[in-house]
Amino acid sequence: MKRFFTKLSFNLSLVSIAFSVPIFAADVASSKTALNKLIDGNQRYMNSTTVCHEDWSAKRLAQIQGQKPFAVIVTCSDSRVPPEIIFDQALGDLFVIRVAGNVVDDFAIGSIEYGVTILGADTILVLGHSNCGAVDGTLKGLKFDNHIQEVLNAIQPAVEDIKGTSENVLEKAIKANVRHVEDKLKRSKPVLSKLLEQRKLTILGAYYDLASGKVEFLDKPD
């Protein structure tokens, strides 16, 4: 029994060390490479020349021992917005966090931190999309007596930002919401803000058009 607890204690210590030692690229150059991968993949998707989804069995076997995604994607739960498909990426390439309206809370940020510090991704992309029901519902002032209201409450600041707008209101609100989530991640302590300051992490925003399949990148790395 004593031997068992000694071994357990040793294993827990290793886990603690793993979570305390960040694993990431040395500089922002690789973030630019990550962005290029996303841009090129989205172009292949729009042109129907995808290359990453032909042999699932081989790709599954290759990922058994671990994963090393090059980017974290924060996006909506909308079934029409599957990041691996619209960026034409294979199993293990993207670490995806999905919630209605692509809003983030402590649980989502914890998952993002894991993708960055443990798995080694150095790029975070916040991806909004056209015809987002969560943003549209917030614009219309819909009210719910359940947890859906919490999602709309999180989006409300973006709606406040575009008050007085008369054209492309929904699109502007969706993009404003992306900006708000970006800003929240950039200010998130202690992990993300520090990595940004050290130029070891890039956080970007983008907008996906359901009709064309095109991803519009709202900003790019320095």
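The values are calculated or read from the model by the stated rules, or taken from the named source; none is laboratory data. Here the structure is a predicted model, which means the values were calculated and not measured. FYI the Cβ positions are ideal-geometry reconstructions off the backbone, even for glycines, and counts take in every protein chain you see. Just the protein is used for accessible areas: all its heavy atoms, side chains included, with ligands, DNA and RNA removed. Shrake-Rupley method; radii C 1.70, N 1.55, O 1.52, S 1.80 Å.
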Those residues of the stretch 169-222 which are assigned to a loop (DSSP other than H, G, I, E, B), farther than 19 Å from residue 110 by Cα and of a type outside the set (D, E, K, R) amount to 198, 210, 211, 212, 213, 218, 221
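Select, from 39, 85, the only residue that is touching a residue at least 60 places away in the same chain (Cβ under 8 Å), part of a helix (DSSP H, G or I) and out of contact with any strand residue (DSSP E or B) (no Cβ under 6 Å at 6 or more places or on another chain).
Selected residue: 39, the only one of 39, 85 that is touching a residue at least 60 places away in the same chain (Cβ under 8 Å), part of a helix (DSSP H, G or I) and out of contact with any strand residue (DSSP E or B) (no Cβ under 6 Å at 6 or more places or on another chain).
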Here the residues within the stretch 77-99 that are of a type in the set (A, V, I, L, M) and over 14 Å from the mean Cα position of the chain (by Cα) are 85, 90, 91
How many of the residues in the stretch 62-85 are at pLDDT 90 or above, of a type outside the set (S, T, N, Q) and more than 19 Å from residue 203 (Cα to Cα)? 7
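Looking only at the stretch 20-50, count how many residues are at pLDDT below 50, open to solvent by 70 Å² or more (accessible area, probe 1.4 Å) and either on the phi > 0 side of the Ramachandran plot or touching a helix residue (DSSP H, G or I) at 6+ places or on another chain (Cβ under 7 Å) (or both).
Restricting attention to the stretch 20-50, the residues satisfying the condition of being at pLDDT below 50 are 20-28.
Adding the requirement that they be open to solvent by 70 Å² or more (accessible area, probe 1.4 Å) leaves 20-21, 23, 26-27.
Now narrow it down to the ones that are either on the phi > 0 side of the Ramachandran plot or touching a helix residue (DSSP H, G or I) at 6+ places or on another chain (Cβ under 7 Å) (or both): 23.
Going through the stretch 20-50 one residue at a time, the tally reaches 1.
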Could you tell me whether any residue of the stretch 186-195 is under 24 Å from residue 80 (Cβ atoms) and either crowded, with 17+ Cβ neighbours inside 10 Å or at pLDDT 95 or above (or both)? no
If I filter the stretch 130-164 down to residues being of a type in the set (Asp, Glu) and not in a loop (DSSP other than H, G, I, E, B), which single residue comes out as most open to solvent (accessible area, probe 1.4 Å)? 150
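Looking at residue 181, is it under 23 Å from residue 77 (Cβ atoms), open to solvent by less than 50 Å² (accessible area, probe 1.4 Å), touching a residue at least 24 places away in the same chain (Cβ under 8 Å) and among the aliphatic types (A, V, I, L, M)?
Values: under 23 Å from residue 77 (Cβ atoms): yes; open to solvent by less than 50 Å² (accessible area, probe 1.4 Å): yes; touching a residue at least 24 places away in the same chain (Cβ under 8 Å): yes; among the aliphatic types (A, V, I, L, M): yes.
When the stated conditions are applied, residue 181 passes them.
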Of all residues in the stretch 51-88 being of a type in the set (Phe, Trp, Tyr) and under 30 Å from residue 155 (Cβ atoms), the one that is least open to solvent (accessible area, probe 1.4 Å): 87
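Is it the case that residue 78 is in contact with a Ser or Thr (Cβ under 8 Å, 6 or more places away or on another chain), in a loop (DSSP other than H, G, I, E, B) and either farther than 22 Å from residue 109 by Cβ or not aliphatic (A, V, I, L, M) (or both)?
Values: in contact with a Ser or Thr (Cβ under 8 Å, 6 or more places away or on another chain): no; in a loop (DSSP other than H, G, I, E, B): yes; either farther than 22 Å from residue 109 by Cβ or not aliphatic (A, V, I, L, M) (or both): yes.
It is false that residue 78 is in contact with a Ser or Thr (Cβ under 8 Å, 6 or more places away or on another chain), in a loop (DSSP other than H, G, I, E, B) and either farther than 22 Å from residue 109 by Cβ or not aliphatic (A, V, I, L, M) (or both).
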